[in-house]
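Chemist: Here's a structure for you.
The values are calculated or read from the model by the stated rules, or taken from the named source; none is laboratory data. Everything quoted here is computed from the prediction, not taken from an experiment. Quick reminder, even Gly has a Cβ in these numbers, built from the backbone with ideal geometry, and neighbours come from all protein chains shown. We work out accessible area using only protein heavy atoms, side chains counted, and drop any ligands, DNA or RNA first. Shrake-Rupley method; radii C 1.70, N 1.55, O 1.52, S 1.80 Å.
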Amino acid sequence: MIRQIHEPSRIGVYVCHCGMNIAAKVDVEDVRAFARSLPNVVVAKTYKFMCSDPGQEMIRKDIQEHDLNRVVVASCSPLLHEHTFRRACAAAGMNPFHLQMANIREQVSWVTPDCALATRKARALIHAAVRRVADHYPLAKERVNVHPAILVVGGGIAGIHAALVLANAGKKVYLVEREPSIGGHMAQLDKTFPTLDCSACILTPRMSQIRTHPNITLWTYAEIEEVAGFAGNFKVKVRHKPRYVKEELCVGCGECVSACVFKEGRVRDEFNQGLSKRKPIYMPFPQATPNVAVIDPQSCLKIMRGKCAMKCVEACPRAAIDFEQREEHTDIEVGAIILATGYRTFDARKIPEYGYGRFPNVYTMLEVERLVNAAGPTGGDITLRDGARPQTVGIIHCVGSRDRRHHPYCSNVCCMASLKMAHLVKERTGAEVFNFYIDMRATFKGYEEFYDQVLREGVQFIRGRVAEVTDWAIRPAEKGKLVIRVEDTLVGVVRRIPVDMVVLATAMEPQEDAAAVQRKFNISCSQDGFFLERHPKLGPVSTFSDGIFLAGVCQGPKDIPASVAQAGAAAAEALCLVDKGFVEIEPNTAFIDEAACSGCRTCIPLCPFQAITRDAVKGVAVINQALCKGCGTCVAACPSGAAGQNMFTDAQIYDEIEGVLADV
Amino acid sequence: MSSNVTLPVAKEFEPRIVAFFCNWCTYTAGDLAGAARLAYAPNMRVIRLMCSGRVDPEFVLAALRQGADGVLIGGCHPGDCHYREGNYKCLRRFQLLCKFLRQMGVEEQRVRLEWIAASEGDKVQKIANEMTAQLKLLGPLRLQITPRVNGRPRAAECPPAPTKGVAP
Amino acid sequence: MKYLYYPGCSLKGSGRPYEESLLSILDRLGVAVVELAHWNCCGATAYMSVDEVQAFALAARNLCLAEECGGPGDVHLLAPCNACYLVLSKAQVYIRQYARIGQVVAEALRAAGLEYHGRIKVRHPLDVLWNDVGVERIKKAVTQPLQGRKIACYYGCQVVRPYATFDNQHNPMVMDHLLRAAGAQTVDWPLKERCCGGTLTGTMEEAGLRLSYILLKEARARGAQVMATACPLCQFNLECYQDRMQSRFGDGIKMPVAYFTQLLGMAMGIPASKLGLDRLLAPPKPVIPTATPDAAGKGAI
Amino acid sequence: MSKPKVGFYWCASCGGCEESVVDLAEAILDVTAAVDFVFFPVAMDFKRSDVEAMADGAMAACMINGAIRSSEQRAMAKLLRRKAQILIAYGACSHQGGIPGLANLFDRQSILQTVYRDTPSTVNPGDIRPEASTRIPHGEVELPVLDEQVKSLDQVVPVDYYIPGCAPPVQLLKDALAAILTGRLPPKGSVLAPDKALCEQCPRAPSKPDNLLIDQFKRPHLERIDPEKCLLAQGFLCLGPATRGGCGWACINANMPCTGCLGPVSRTRDYGGAAMSALASLVNSNDEAQIAAMLETIVDPAGTFYRYGLPASLLFARAGANADKGGHEP
């Protein structure tokens, strides 16, 4: 701890026009003149784009020519360009932490319609910054080495792609999936739009690459329990759920499944969306990776009641079944984390007027995907629950999305998925297919062409949000059918369309535990509940927590190409971090002035990171700079002013308070 | 006699609000309000802190003393704190501070704690407007301040002069 | 919990069976109700269409009276008639949300020396039986189960829309659950909250009758033996015009239309006279065996 | 060589500060041997006119105890400031406003009403109040005018040093006198006491857990207090962590929690704010309602955290209470 007595302040103030973004509302010349009049300000200038090269160059030159030792930049949010201007200051030989920014764009010009008031507010913020910056003292970022391994959470297509990119780049990857197999939703799909590739055919090779890649450790049926640490040095605890089958011994022969005392499946088969039943011991699906059986403790007699003939154990030639398996934990260290936790589909029961759960022949899109699939419960036959073939099928778009009662957002993939389904149903059954849409959105490569193709195939499109699906027949043709009642907004009449089968294109929504995951990883969610990216344009895969990146639908609804693209981007960002080898940590840590500390220990229990301990010999608190994350909670609580925080000292904050309140 | 500091009374009283926003949620929400061009009353002046846990009741008192008519503290929603629990520590202090402020005749609308997530730019707008309107109705905070007569430094009046730092 | 009971005009007139049966079953279930003194018209139907604000003032007067005699805290006001339930709920929302309406109503109340503080919770018997009493208590009170009789539960257009939160607005189920608890079978039919014709039957008989006829016809098609309702006007439209429907549509529907409270009362073994069964034109007796007055009256009211 | 001249005066105070001088015991003889008391109304017969007659700066030092609340006290403070080279605020009232400073929670008018009309023991049928000037047959008599608010000494006149405490501990007085006599004084404006909080060498410090969180705030008069364990760890609101040390843990030794009479350390802007921040942070709950319930037992935050220093606090007095201007001198 040292007391720094610095030379008198020589401050330069730089007011940015940001084109017209600031200058249209804030009288930048007035503000500049005001700044120049403040004590210790030796130069004040305006410039069109301060963040541009010439802008930075101007600051750099001024620091040298005017011998500045403090700089205030009044422009956009410090969250956007603080790093830029710190670099400019450092380039001129000034300590980069002698910079303070005044946010006169996001917090002034963009939110204040009145020019005079905006100018006044800008003056106040600059006044505060000028006062505060005089209290700044030299600081330096600390460099911490980065652990070279990377964790990918979620084994859907996004997680799979990210893991493969990283592993192919030679990085050690942990891929953690909570289901018994990787594959995610893509494994459930039959065909992919718009090219109608077989989903399994393009996904399965990727899944087996994951399984065999020397750089990838795959843990399925496992969840993340705890995340501690920070960018470059995360400490993660992984919980392995017992599958009661030894993964290293099982070869996926399926003998145990046939041998199970349950002759028929009795449990809802998750993979087939409940359209078929499985046994308590089962293979998740034919291409499951790892290809290992798993026992469901909710239905296995041995586990539930302790009594069973245990035919499975007898049947297994490799003695892989182990009812003694218990939950296990592994601790790993990684430098970066990619979250690819995916989505779930909207529960169509929440819109009872569409009859899902009441009328047997109302299906969700994902259910019909399983029906269409050759490996599905009907062997690819699109049949109704009674085995009949539908003659007419209605596909309802935007179920749960673009709906203020549920999700206001557009779910992004439903139009195309509905087109694909319309094509498949027509192709397989020859049925007449109606699509009920609000707007058709077919915006990416090859999508519009596909829409056009489906139109030409004779699929009917009715523009209007469906009011209800009912079994109330009022015309003979409606007898025994489901009637879709809808206002056809192109014709301007209410229509009743009788169909045999209704398919609901349900929205993608955040995973049920998205909020818990968000807390675990210390990131944010946007209003819709999906994980929040750092910047919608310029940081679409980063989060506000350094070292944690997003891929796939966990960040927002998107289709397979977009998920894969984002996964690649997330992998690249993670590579950047890991390959650089170190991270720089903001020096905003707390510290204790030993000469002032009475050893009262108020601060110790308040630290969420256990960074504070008591030095028993000196009788004072000590803050471990490596553990401190810089929240400042201890500093605010210290009753005798012995704790301080770099970059946010009491003096700096009081100066800001006085600065913003001064009548300027 | 005591020199009671009164704010200059303009045609319409324009309250001054000091806001302490945490870096991760509320400050970001403030930026989002800007990016979305959600116009709001210009009376609020934001001071960025890393966490609402950094908000010392002394800051609130100092702001009121310096002429603020209201103070807003913005932090992450409970459970969402970037530092796990800083917002809860803030909440504890805030509740005791409010009790004291009530005794001191400071109306409860003047000092508020709001949880504003990074995505809630509209909430920043709403609260800035709401608070400005409420403070306009309440009028200026009439503190009866007696400053010290000599300029010699004492902690209660002047910022500690030398700044401290950790040797880099 | 105690409930203030707001009968409204219907339950003292054409809807008397509803009042009698409701009070009987509440008594049997141990739910205390006290009739609100000096209540007035809720402001429904024609009044609401002609002068909305004055209708709200009428409703608000009742709310004020209830607040005055309801003691501190939330006051639960039981409004069995669907129209009363809707208007009282709507008045609350409009007074709160629209300052101009709130002001006019407050002025009117002031003239009568009243002021409304917003402490009233307007409750429908369906809501109270489902949420406060609970199915378990009802099951326990059932002595003569309805023996699988098929009932079409008709909620009417007003009770779940748009203010009620106790049931789903598109496929309400509370009445179904209650009657199933009483041993009945309820039919799945899609017209639960469609219009019965309302006051149209009185002014444009052609239109009104058709709407009622559609309901009865579909209920019959679904195998219903009885239609259960929670609204005096619905009950009236559906029951009293069955003859006229026959002459107009050439289709004779003879279906008893009873208040759900009457059916619950029958299952509880409450004598017919205490359920107002004899006041119905087509009592459900032929399809649902009622308790013999004396045998079932034991320990009852 | 003549001995340095020293004065000692009281304003709004209880007399405890004078007692603290008597507590010097035999050491008082050394003091009187070293200095000449030229003004000490409690102990010696000097008049105001004696002081007025002195040349400006004639006293080497003058200590004033008590807060400032009346026209007379203000006039005396100004007078003594002129006559003394070093003016010392002596004791909590003079230093920070003290217990009399809690009167700033009320306006003057309501205080007068309470005292002269409302208390149960008041018998005052004519509602007679002290008047600044009263005409009697012999002429006009004057009483000091009661100010609107209570102030610390430095809110009236410039103060050179502070000796804190209610009353100041004898050791601090001894040290201060020694410093004055030897001329080895710290920079002006200093508080003549250690600048570390009381916990530093508290005899109970070893019993304080490192990770103390508080589940319940107890009130000392309602509970049995363990005579050895850290009081805060027992749930008593001990203000030791926020309060300047130097008192010799007198209260702690008497098994009572620190109430904060020595005031804040130099790094604190608002004593109560700092104390509230520390103690509330330790409340062991994250639930809003539960926190509120736990804080219920702190019934009087102003009286608890500003017992000795409301006038010196950032808010100074109850906001907006200044309706009555009657007590102000021109």
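Chemist: I need a count of the residues in the stretch B:90-101 that are surrounded by fewer than 24 Cβ atoms within 10 Å (Cβ to Cβ), at the interface with another protein chain (Cβ under 7 Å from one of its Cβ atoms) and touching a strand residue (DSSP E or B) at 6+ places or on another chain (Cβ under 9 Å).
Modeler: Total satisfying the criteria: 1.
Chemist: Scanning for something part of a strand (DSSP E or B) and surrounded by fewer than 17 Cβ atoms within 10 Å (Cβ to Cβ), does the stretch A:440-451 turn up at least one residue?
Modeler: Checked the stretch A:440-451: no residue is part of a strand (DSSP E or B) and surrounded by fewer than 17 Cβ atoms within 10 Å (Cβ to Cβ).
Each row is one residue, and each column tells you yes or no for (1) within 24 Å of the chain's Cα centre (by Cα); (2) free of Cβ contacts under 8 Å to residues at least 12 places away in the same chain; (3) assigned to a loop (DSSP other than H, G, I, E, B).
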position: A:G379; (1), (2), (3): no, yes, yes
position: A:C410; (1), (2), (3): yes, no, yes
position: A:L419; (1), (2), (3): no, no, no
position: A:L424; (1), (2), (3): no, no, no
position: A:F436; (1), (2), (3): no, no, no
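Chemist: Now for a different question. Within the stretch B:105-126, restricting attention to residues that are open to solvent by 40 Å² or more (accessible area, probe 1.4 Å) and among the charged types (D, E, K, R), which residue is farthest from the chain's Cα centre (by Cα)?
Modeler: Filtering the stretch B:105-126 for residues that are open to solvent by 40 Å² or more (accessible area, probe 1.4 Å) and among the charged types (D, E, K, R), the one farthest from the chain's Cα centre (by Cα) comes out as B:D122.
Chemist: Checking the conditions here, which among D:G240, D:G235, D:G246 is open to solvent by less than 10 Å² (accessible area, probe 1.4 Å) and within 14 Å of chain A (Cβ to nearest Cβ)?
Modeler: Answer to the check: D:G240.
Chemist: Need at least 3 residues that are over 17 Å from A:K121 (Cβ atoms) and in contact with a helix residue (DSSP H, G or I) (Cβ under 7 Å, 6 or more places away or on another chain) per element, so show me which strands (runs of 3 or more DSSP E) inside the stretch A:1-63 make the cut, counting only ones lying wholly within it.
Modeler: Result: A:11-16, A:41-47.
Chemist: Quick check on this structure: which one of A:G539, A:G529, A:G556 is within 14 Å of chain B (Cβ to nearest Cβ) and touching a Pro at 6+ places or on another chain (Cβ under 8 Å)?
Modeler: Checking each option against the conditions leaves just A:G529.
Chemist: Please determine, by comparing only the residues of the stretch B:102-113 that are free of Cβ contacts under 8 Å to residues at least 24 places away in the same chain and touching a helix residue (DSSP H, G or I) at 6+ places or on another chain (Cβ under 8 Å), which one is farthest from the other protein chains (Cβ to nearest Cβ).
Modeler: Applying the filter and picking the extreme gives B:E108.
Chemist: Go through the stretch D:134-178 and report how many residues are crowded, with 22+ Cβ neighbours inside 10 Å, among the hydroxyl-bearing types (S, T, Y) and not in a loop (DSSP other than H, G, I, E, B).
Modeler: Of the residues in that region, 2 qualify.
Chemist: Condition check: away from chain C (no Cβ under 14 Å), farther than 23 Å from A:M440 by Cα, touching a helix residue (DSSP H, G or I) at 6+ places or on another chain (Cβ under 7 Å) and open to solvent by less than 10 Å² (accessible area, probe 1.4 Å). Does A:I338 satisfy that?
Modeler: Here the answer is yes, as A:I338 does meet what is asked.
Chemist: Taking interchain pairs and intrachain pairs at least six residues apart, which have beta carbon atoms under 8 angstrom, with the first residue in the stretch A:100-123 and more than 9 Å from chain B (Cβ to nearest Cβ) and crowded, with 24+ Cβ neighbours inside 10 Å and the second among the aromatic types (F, W, Y) and outside any loop (DSSP other than H, G, I, E, B)?
Modeler: Close Cβ pairs (under 8 Å, with a partner that is among the aromatic types (F, W, Y) and outside any loop (DSSP other than H, G, I, E, B)) amount to A:M101/A:F85; A:R123/A:F34.
Chemist: Here's something else I'd like to know. When the stretch C:122-136 is examined, which residues are found to be surrounded by 15 or more Cβ atoms within 10 Å (Cβ to Cβ) and within 23 Å of C:Q158 (Cα to Cα)?
Modeler: C:V122, C:R123, C:H124, C:P125, C:L126, C:D127, C:V128, C:L129, C:W130, C:V133
Chemist: If you scan the stretch A:287-324, which residues turn out to be over 18 Å from A:W219 (Cα atoms), of a type in the set (S, T, N, Q) and surrounded by 13 or more Cβ atoms within 10 Å (Cβ to Cβ)?
Modeler: Within the stretch A:287-324, just A:S299 meets the criteria.
Chemist: Out of the stretch A:452-483, which residues are within 22 Å of A:H397 (Cβ to Cβ), aliphatic (A, V, I, L, M) and either under 34 Å from the mean Cα position of the chain (by Cα) or not in a loop (DSSP other than H, G, I, E, B) (or both)?
Modeler: Passing the criteria: A:V454, A:L455, A:I462, A:V466, A:A467, A:V469, A:L482, A:V483.
To keep it simple, each residue is scored yes or no on (1) within 14 Å of chain A (Cβ to nearest Cβ); (2) open to solvent by less than 10 Å² (accessible area, probe 1.4 Å); (3) within 29 Å of D:D107 (Cβ to Cβ).
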position	(1), (2), (3)
D:A274	yes, yes, yes
D:A278	yes, yes, no
D:N284	yes, no, no
D:I291	no, yes, no
D:M294	no, no, no
D:T297	no, no, yes
D:A302	no, yes, yes
D:S313	no, yes, yes
D:F316	no, yes, yes
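Chemist: For the stretch C:34-46, check the following and say yes or no: at least one residue is touching a strand residue (DSSP E or B) at 6+ places or on another chain (Cβ under 9 Å), open to solvent by less than 10 Å² (accessible area, probe 1.4 Å) and not assigned by TED's automatic domain parsing to the domain that holds C:M175.
Modeler: yes
The rows are residues; the columns are (1) over 22 Å from D:V283 (Cα atoms); (2) buried (at least 21 other Cβ atoms within 10 Å of the Cβ); (3) facing chain D (nearest Cβ under 10 Å).
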site: A:I592; (1), (2), (3): yes, yes, no
site: A:G599; (1), (2), (3): no, yes, yes
site: A:P608; (1), (2), (3): no, no, no
site: A:R614; (1), (2), (3): no, no, yes
site: A:G632; (1), (2), (3): no, yes, no
site: A:Q645; (1), (2), (3): yes, yes, no
site: A:Q652; (1), (2), (3): yes, yes, no
site: A:E658; (1), (2), (3): yes, no, no
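Chemist: Give A:C51, A:C76 a once-over and let me know the one that is open to solvent by 20 Å² or more (accessible area, probe 1.4 Å) and either within 23 Å of B:L32 (Cα to Cα) or touching a Ser or Thr at 6+ places or on another chain (Cβ under 7 Å) (or both).
Modeler: A:C51
Chemist: While we're on this one: Kindly state which helices (runs of 4 or more DSSP H) lie completely within the stretch C:77-196 and contain at least 3 residues that are within 20 Å of the chain's Cα centre (by Cα) and under 30 Å from C:V53 (Cβ atoms).
Modeler: Helices (runs of 4 or more DSSP H) meeting the threshold: C:82-97.
Chemist: Restricting attention to the stretch A:486-521, report how many residues are open to solvent by less than 50 Å² (accessible area, probe 1.4 Å), within 20 Å of A:C398 (Cα to Cα) and of a type in the set (V, I, T).
Modeler: 6
Chemist: Here is a follow-up. Of all the residues that make up the stretch A:353-368, how many are out of contact with any strand residue (DSSP E or B) (no Cβ under 9 Å at 6 or more places or on another chain) and open to solvent by less than 20 Å² (accessible area, probe 1.4 Å)?
Modeler: Of the residues in the stretch A:353-368, 0 are out of contact with any strand residue (DSSP E or B) (no Cβ under 9 Å at 6 or more places or on another chain) and open to solvent by less than 20 Å² (accessible area, probe 1.4 Å).
Chemist: Pick from the stretch D:113-133 the residues that are open to solvent by 70 Å² or more (accessible area, probe 1.4 Å) and part of a helix (DSSP H, G or I): which of them is farthest from D:S70 (Cα to Cα)?
Modeler: Looking at the filtered set, the residue picked out is D:D118.
Chemist: Of everything in the stretch B:31-89, what is in contact (Cβ under 8 Å) with a residue 60 or more places away in the chain, closer than 24 Å to B:Q144 by Cα and either over 15 Å from the mean Cα position of the chain (by Cα) or more than 7 Å from every other protein chain (Cβ to nearest Cβ) (or both)? Give them in sequence order.
Modeler: B:N43, B:M44, B:D69, B:G70
Chemist: Answer yes if at least one residue in the stretch A:122-131 is of a type outside the set (D, E, K, R), in contact with a Lys or Arg (Cβ under 8 Å, 6 or more places away or on another chain) and outside any helix (DSSP H, G or I), and no otherwise.
Modeler: No, there is no match, as no residue in the stretch A:122-131 is of a type outside the set (D, E, K, R), in contact with a Lys or Arg (Cβ under 8 Å, 6 or more places away or on another chain) and outside any helix (DSSP H, G or I).
Chemist: A follow-up question, please. Kindly provide the set of residues from the stretch B:7-61 that are part of a helix (DSSP H, G or I), touching a Pro at 6+ places or on another chain (Cβ under 9 Å) and over 13 Å from B:I73 (Cβ atoms), ordered by number.
Modeler: Result: B:A35, single match.
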